[in-house]
Amino acid sequence: LDDTGVEWTRPSAIKWIDKQGIQRNYFPDFYLPDYDVFLDPKNPYAIKAQIDKIKCLTEQVKNLIILKSLDECKNFSP
């Protein structure tokens, strides 16, 4: 993001509800204020290990983008 000139900040926690109805906090890695988008790159292991969590999050937080590969990170364009 720095190399492309995209402004970003470290976001505060996002509140979300898990499958058991428990409210949780999620801390994505980046927030792009000019686009109102949260970005969180994940490695393949994290994607598999957190599949239910990621599904709940992306259903509840419409402006959260999970980047699932190095290519998605390199080719990301807001």
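Need the full-extension length gain, Lys62 to Ala13, defined as separation in residues times 0.36 nm minus the C-alpha distance. One decimal, nm.
This chain segment gains 16.1 nm when fully extended.
Note on Ile65: accessible area approximately 60 square angstrom, rounded to 10, probe 1.4 Å, nucleic acids and ligands left out.
The 1.4 Å probe gives accessible areas that order Asp18, Asp34, largest first, as Asp34, Asp18.
Length gained on full extension, Cys73 to Gln23, computed as 0.36 nm times the residue gap minus the Cα-Cα distance: 15.1 nm.
Of all stretches in the chain that contain no trypsin sites (Lys or Arg not before Pro) in a DSSP loop with at most 13 other Cβ atoms within 10 Å, the longest one is 20-61. Taking the C-alpha atoms only, the angle from helix 51-60 to the longest principal axis of the chain is near 80 degrees. Only helices enter the 222 nm calculation for the chain: every DSSP H run of n ≥ 4 contributes -39,500 (n - 2.57), and dividing by all residues gives -6500 deg cm²/dmol, rounded to 500. Using equal-weight Cα scatterers in the Debye expression, the normalised intensity of the chain in log10 at q = 0.17, 0.23, 0.24, 0.27 Å⁻¹ is -0.68, -1.16, -1.24, -1.43. Among the lysines of the chain, pairs that are 8 or more positions apart or on different chains and have alpha carbons within less than 20 Å of each other number 17.
Ordered by solvent-accessible area of protein heavy atoms (1.4 Å probe), largest first, the residues Tyr35, Tyr45 come out as Tyr45, Tyr35.
The values are calculated or read from the model by the stated rules, or taken from the named source; none is laboratory data. These numbers were taken from a predicted model, which means no experiment stands behind them. Counting neighbours? That spans all protein chains shown, and the Cβs are built from the backbone with ideal geometry, glycine included. With ligands, DNA and RNA removed, areas are computed over all heavy atoms of the protein, side chains included. Shrake-Rupley method; radii C 1.70, N 1.55, O 1.52, S 1.80 Å.
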